[in-house]
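One structure is given here, and the rest of the page talks about it.
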Amino acid sequence: MFTPVISGTGVFTPEQVITNAELVEAFNTYADKQNALNADAIAAGETEPIGHSSEEFIHSASGIDQRFVMDKSGVLDPDRMYPSLAERADEDPGLMTEMGVDACRKALAQAGVEAGEIDLVICAASNHERAYPAIAVEIQQALGAGGFGFDMNVACSSATFGIQAAADMVRSGSVKKALVVNPEICSAHLEWRDRDCHFIFGDVATATLIERKEDATGDHFEILSTRCLTQFSNNIRNNNGFLRRTREEVGALPDRRDMQFMQNGRKVFKEVLPIVSKHILGHIANEGVSPDQLKRLWLHQANKTMNDFIGKKVLGRVPEEGEQPNILQDYANTSSAGSIIAFDKFSADLAPGEMGVICSFGAGYSVGSVLVKRA
């Protein structure tokens with residue numbers, strides 16, 4: 001058996017940024033237009049008017065100040081309110097591949113590893129731009145990697161589930177070096193016309209390089225153990241899929257609200273937080289690690305209040321500055337990539353022997369945690 005380590009991470013960040021102010025202006029213009037169109041129905045009590053959003057509401061509800069996106073023009077167009085991403089020819093690289101390859105090359109450079117040395121690529125993300133062939137195989141080819149690749153989807157937990165799969169294969173000896181890639185184009189599945197969630201997501205791609213400890217040539221983190229959990233829930237759901245055309249009542253595939261991101265936020269908050277806190281505490285206890293031995297928590301970046309709650313429950317106190325870093329104020333919720341962005345940006349200062357937990361959680365429900373130690 002071999003010891004798997006994380007020897008490199010990479011983050012692809014889109015060039016375009018949408019601030020809360022820009023988002024609020026576009027949403028409120030959209031709301032006013034819709035309310036004007038439906039004025040008679042609103043006056044008759046047949047439908048409710050769309051309320052305005054505000055920067056204060058967004059920040060207090062989420063802690064988010066801005067988000068990076070692949071296309072802001074379509075999102076901020078009150079007559080459109082979703083990104084404009086050009087269709088690509090089959091022979092051209094996919095959008096997720098371009099994003100993922102950028103993150104992978106950064107992870108490879110950090111680890112001092114050549115792409116040809118990679119023998120496993122896992123593309124783990126909440127949404128994939130096609131059913132098949134696998135995005136991972138396209139990334140594998142674009143990089144010039146060897147071995148094999150496959151896609152994985154466990155919603156916002158995809159990154160940590162992918163790390164567990166890759167670490168297990170490295171540990172058993174079936175692969176030597178693996179890349180877990182998380183290209184998240186969240187702007188495409190977000191309903192930007194829904195006041196309750198129009199501010200939540202952003203786009204990004206992350207990559208994590210996992211290899212045998214004896215092969216790592218630079219700074220790295222030992223993967224001491226991993227643990228995953230799933231428990232079915234409908235409180236976060238997206239019904240879009242290849243079966244839409246088989247349903248006669250759908251007809252010409254109209255724009256339906258349930259085909260985008262759906263969430264019962266209050267239930268998610270109430271039900272997920274105890275699951276995640278218990279999961280992390282059970283994981284570290286099983287490894288003989290106490291909460292006061294954890295130097296850092298790199299949590300899924302969904303909501304600041306959620307992370308503050310989990311940090312307090314796990315550590316048994318309010319986390320001190322730097323113990324539970326947040327990046328969502330700049331990136332928003334980037335689904336599976338959030339905890340990896342936090343790890344990428346806030347892990348270099350750990351001293352040898354210091355430990356931390358990478359944890360992501362989301363639809364399913366699903367929770368994945370990775371206990372690591374600075375080598």
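The values are calculated or read from the model by the stated rules, or taken from the named source; none is laboratory data. If you're wondering where the values come from, they're calculated on a predicted model, not measured in any experiment. Heads up, the Cβs are rebuilt from the backbone with ideal geometry, glycines too, and the neighbour counts pull from every protein chain shown. Side chains included, ligands, DNA and RNA excluded: accessible areas come from the protein's heavy atoms. Shrake-Rupley method; radii C 1.70, N 1.55, O 1.52, S 1.80 Å.
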- request: Give the accessible area for S172 in Å² (nearest 10); use a 1.4 Å probe, count only protein heavy atoms, and leave out ligands, DNA and RNA.
  value: 70
- line: Between S225 and M1, the two model label points (7 Å from Cα along the beta-carbon direction) sit apart by a distance in nm of 1.1
query: Applying 1/(1 + (r/R0)^6) with R0 = 22 Å to the Cβ-Cβ distance of D90 and E15, what FRET efficiency is obtained, to the nearest 0.05?
result: 0.25
field: Partners for K373 among lysines (Cα-Cα distance below 18 Å; same-chain residues under 8 apart left out)
entry: K213, K295, K345
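Note down the magnitude of the dipole of the chain about its Cα centre, charges +1 on Lys and Arg C-beta and -1 on Asp and Glu C-beta and zero elsewhere, to the nearest 20 debye.
Numbers: 35 positive and 51 negative charges, 271 e Å.
Rounded to the nearest 20 debye, it is 1300 debye.
For segment 1-96, report the accessible area per residue in Å² (1.4 Å probe, heavy atoms, rounded to an integer). Let's see the in-between values first.
Values: 5110 Å² over 96 residues.
Heavy-atom SASA per residue in segment 1-96 reads 53 Å².
Run the accessible area of segment 3-125 with a 1.4 Å probe and give the carbon-and-sulfur part as a rounded percent. Walk me through the numbers on the way to the answer.
Working: 2700 of 5860 Å².
The nonpolar share, carbon plus sulfur, comes to 46 percent.
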query: Suppose R0 equals 25 Å; then what is the FRET efficiency for T305 and A348 from their Cβ-Cβ distance, rounded to the nearest 0.05?
result: 0.35
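With a/c under 1.5 counting as rounded, go ahead and sort segment 330-375 into rounded, prolate or oblate using the C-alpha gyration tensor (a ≥ b ≥ c being the square roots of the eigenvalues; past the cut-off, prolate if a/b is larger than b/c, else oblate).
Working: a/c = 4.65, a/b = 1.57, b/c = 2.97.
Since a/c reaches 1.5 but b/c is at least a/b, the shape of segment 330-375 is classed as oblate.
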- request: Can you tell me the 0 to 90 degree angle between the C-alpha axis of helix 158-172 and the longest principal axis of the chain, rounded to 10?
  value: 20
message: Not counting ligands, DNA or RNA, and with a 1.4 Å probe, what is D349's accessible surface area in Å² rounded to the nearest 10?
response: 100
query: What does the accessible area of R237 come to, in Å² to the nearest 10, when a probe of 1.4 Å is used?
result: 110
- prompt: If Lys and Arg each add +1 and Asp and Glu each add -1, what is the summed charge of the other residues whose beta carbon sits under 14 Å from the beta carbon of S126?
  reply: -3
query: Under the Karplus relation 6.51 cos²θ - 1.76 cosθ + 1.60, θ = phi - 60°, what is the ordered set of whole-Hz ³J(HN,Hα) values for segment 72-82, x standing for Gly and Pro?
result: 9, 4, x, 5, 8, 7, x, 8, 10, 6, 7
